[in-house]
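The values are calculated or read from the model by the stated rules, or taken from the named source; none is laboratory data. Treat the numbers as computed from the prediction; the structure is a model and nothing was measured. Glycine also receives a Cβ, built like all others from the backbone with ideal geometry; neighbour counts cover every protein chain displayed. Heads up: the accessible areas ignore ligands, DNA and RNA and are worked out on the full protein's heavy atoms, side chains in. Shrake-Rupley method; radii C 1.70, N 1.55, O 1.52, S 1.80 Å.
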Amino acid sequence: MQTQMQGRAANVAGRRQQVRATRASRANLSVRAVASGGAKPTVLVSEKLGEAGIDILKEFATVDCSYNLTPEQLCAKISLCDALIVRSATKVTRAVFEASKGRLKVVGRAGVGIDNVDLAAATEYGCLVVNAPTANTIAAAEHGIALMLAMARNVAQADASMKKGVWDRNTFVGTSITGKTLAIIGFGKVGSEVARRAKGLGMEVIAYDPYASAEKAAALGVQLVSMDEALATGDFFSLHMPLLASTKNLFNEAAFNKIKRGARIINVARGGVIDEDALVKALDAGQVAQAALDVFAEEPPKFATSKLVGRSDVIVTPHMGASTAEAQEGVAFEIVEAVVDALQGKLSQNAVNAPMVPAEILKELQPFIALAQGLGRAAVSLVADSGFSELGITYSSPRGDDLDTRLLRANVLKGVLDGTTASTVNLVNADLLAKNRGLKITEVTIRGEGSEVLTSMSVALGSKSAKFSGAVDKTGRVYVEGQVRNGQPFITKIGSFDVELAVTGSVLLTRQLDQPGIVSAVSTLLAEDNVNISFMTVGRTGKNKEAIMAIGIDSEPSAATMAKMINVKGIQEAVVFAEGGK
């Protein structure tokens, strides 16, 4: 006991020493900042923040800790503030930015989600928004493991029974996790940390994430698998994906029907990734044995009518994955550092809205931003579910190696990564997000002709498979190329085929042998399905040789129409993809 107490005391002392050292380094920096910048800036903290973070912030700025402000009170104060730090309760609306009269330079969100900040208004008013995305990682992973163990051994139910004065050892017989397979859905920061801990508990760990690095997974002893394989193999499921259009209700009735009977599910990610009605049905049928939920589609849930909260086979906690003293302290340090960096005019890797780019560079490259994003979106929409691990970007410019590619690369990454991450991708964080996903990026600049800053650019994704084999070039990569013509971005090549597609809307691609009758046959099928055509272009390798046809469409054809299209004589494959990421 004495040894344990000594160990705890040493840990506390170590943490205090670390805080003091951090404060000292910050104090030295603040002296330089104040000496060069004059009066200290004013920072309004509208929700509770760790005291250690507040103490550090006070060395840089005049700090106003005013909690539980009404929207009117916040608007009244904000014109006197250079920065605002919030958690999740304070709503930073357009009215707040308008009331700031241009003084507000940065909003710091102490946490990950930024749903309570109007990003469009922040960007319009020139206000940088930063968050604290990493400090909660360990806490969330630990909570996921805690829920899994508590669920497997019926800890919450047994505790409730004991508190009622009942000694019942038979009702709460659990299941061992050793040797069982944990399927992690979403293999990012939190998912990786869950894997480390599960391996230490003797579990077999597999993961599904089409954008994760196989090398990163292998280093942790984790096998990346398809979604269907994960569903069929897992004994326990731990969910760690962001809530996006592609992940909303990912665990629906169809998914639950594919899992092993008696599987167990843990969710510390976002409530909307599970169809709660489908989960209730699966629990009732015994398809899912138990669930442990920290998050819900509606928070807090309606306790009187919730079909999940009161169940004995469901453990629930009130979205407390980040609720540890250490995580809260870490969030305070992280957000204070990000806010201070922003006030000093430094680029912050935690920025979540418009990147800070010199005005002259932004003006020069503006016509090419849409092209860069469009090429990224087009390329990723042609990659199969196996994902990709390499990104190659080639620029053709009269400036050669003197071309500043940062903004273009960031927008290619935005096009590639949007829809696969909850983070906002911009110049500041694009490379970091790509690095965290294990994405290998190669850039090549070729000296081209002409007076424009950029003649053309291309995007190639290294992938095991493609949705449309015609998009694969001779090196085995999904390849798209484009140009800006008369101020408008166009895709000019897909795979080895020359095309001319405006970077907007949905496109039907077909690969076929060049022969009469194909255009009319496809047009007839689309007309019968009430699909309107906006344009059509054909690129071919030669007369009566392989070709691809690109058709702009106002709506997607039905599955039945697509099946009929494949049966048209000469057509080898067909796919619909969104050039503009729709």
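Looking only at residues of segment 226-241 that are under 22 Å from residue 418 (Cα atoms) and surrounded by 18 or more Cβ atoms within 10 Å (Cβ to Cβ), we find that the one that is farthest from the chain's Cα centre (by Cα) is 239. Just so you know, in segment 255-294 the residues that are closer than 23 Å to residue 244 by Cβ and basic (Lys, Arg) include one that is modelled with the lowest pLDDT, and it is 270. When restricted to residues that are farther than 25 Å from residue 482 by Cβ and either modelled with pLDDT under 85 or touching a Lys or Arg at 6+ places or on another chain (Cβ under 9 Å) (or both), segment 501-527 contains 6.
Might you let me know whether segment 537-558 holds any residue that is at pLDDT 90 or above, in a strand (DSSP E or B) and open to solvent by 40 Å² or more (accessible area, probe 1.4 Å)? There is no residue in segment 537-558 that is at pLDDT 90 or above, in a strand (DSSP E or B) and open to solvent by 40 Å² or more (accessible area, probe 1.4 Å). Taking the conditions (1) under 18 Å from residue 471 (Cβ atoms); (2) open to solvent by less than 60 Å² (accessible area, probe 1.4 Å); (3) free of Cβ contacts under 8 Å to residues at least 12 places away in the same chain in turn, residue 566 satisfies each one other than (2).
Among the numbered conditions (1) more than 30 Å from residue 388 (Cα to Cα); (2) in contact with a Pro (Cβ under 7 Å, 6 or more places away or on another chain), the only one that residue 482 does not meet is (1). The residue of segment 295-327 that is farthest from the chain's Cα centre (by Cα), among those that are within 17 Å of residue 141 (Cβ to Cβ) and open to solvent by 60 Å² or more (accessible area, probe 1.4 Å), is 325. Within segment 328-339, residues that are assigned to a helix (DSSP H, G or I) reach partners that are polar (S, T, N, Q) with beta carbons closer than 6 Å, at six or more positions or on different chains, in the pairs 338/348; 338/350. Pairs meeting the criteria (first residue in segment 373-390 and among the polar types (S, T, N, Q), second residue in a helix (DSSP H, G or I), beta carbons under 7 Å, at least 6 apart or on different chains) are 373/411; 373/414; 373/415; 389/214. Has segment 278-286 got at least one residue that is out of contact with any Asp or Glu (no Cβ under 8 Å at 6 or more places or on another chain), surrounded by fewer than 21 Cβ atoms within 10 Å (Cβ to Cβ), in a loop (DSSP other than H, G, I, E, B) and free of Cβ contacts under 8 Å to residues at least 24 places away in the same chain? No, because not a single residue in segment 278-286 is out of contact with any Asp or Glu (no Cβ under 8 Å at 6 or more places or on another chain), surrounded by fewer than 21 Cβ atoms within 10 Å (Cβ to Cβ), in a loop (DSSP other than H, G, I, E, B) and free of Cβ contacts under 8 Å to residues at least 24 places away in the same chain.
Restricted to segment 484-532, the set of strands (runs of 3 or more DSSP E) holding at least 2 residues that are hydroxyl-bearing (Ser, Thr, Tyr) and in contact with a Gly (Cβ under 9 Å, 6 or more places away or on another chain) comprises 506-513. Scanning segment 189-208 for residues that are of a type outside the set (A, V, I, L, M, F, W, C) and open to solvent by 30 Å² or more (accessible area, probe 1.4 Å) yields 189, 193, 196, 197, 199, 200, 202, 204, 208. Of the residues that sit in segment 65-111 and are under 9 Å from residue 46 (Cα atoms) and hydroxyl-bearing (Ser, Thr, Tyr), which one is most open to solvent (accessible area, probe 1.4 Å)? Looking at the filtered set, the residue picked out is 67.
Within segment 509-518, track down each residue that is of a type outside the set (Ser, Thr, Tyr) and either open to solvent by 70 Å² or more (accessible area, probe 1.4 Å) or under 24 Å from residue 381 (Cα atoms) (or both).
509, 511, 512, 513, 516
Pairing each residue of segment 466-487 that is over 15 Å from residue 376 (Cβ atoms) and open to solvent by less than 20 Å² (accessible area, probe 1.4 Å) with any residue that is of a type in the set (Phe, Trp, Tyr) and assigned to a strand (DSSP E or B), provided the two are 6+ apart or on different chains, yields C-beta distances under 8 Å for 468/577; 470/497. Taking the condition of being more than 22 Å from residue 378 (Cβ to Cβ) and in a loop (DSSP other than H, G, I, E, B), how many residues in segment 435-461 meet it? Matching residues across segment 435-461 total 4. If you go through segment 134-183 and keep only what is among the β-branched types (Val, Ile, Thr), under 30 Å from residue 337 (Cβ atoms) and not in a helix (DSSP H, G or I), you end up with just 134.
Screening residue 261 against (1) assigned to a loop (DSSP other than H, G, I, E, B); (2) open to solvent by 20 Å² or more (accessible area, probe 1.4 Å); (3) under 30 Å from residue 390 (Cα atoms) leaves a single unmet condition, (3). Among the residues of segment 74-125, the ones that are assigned to a helix (DSSP H, G or I), of a type in the set (Lys, Arg) and farther than 29 Å from residue 295 by Cβ come to 1 in all.
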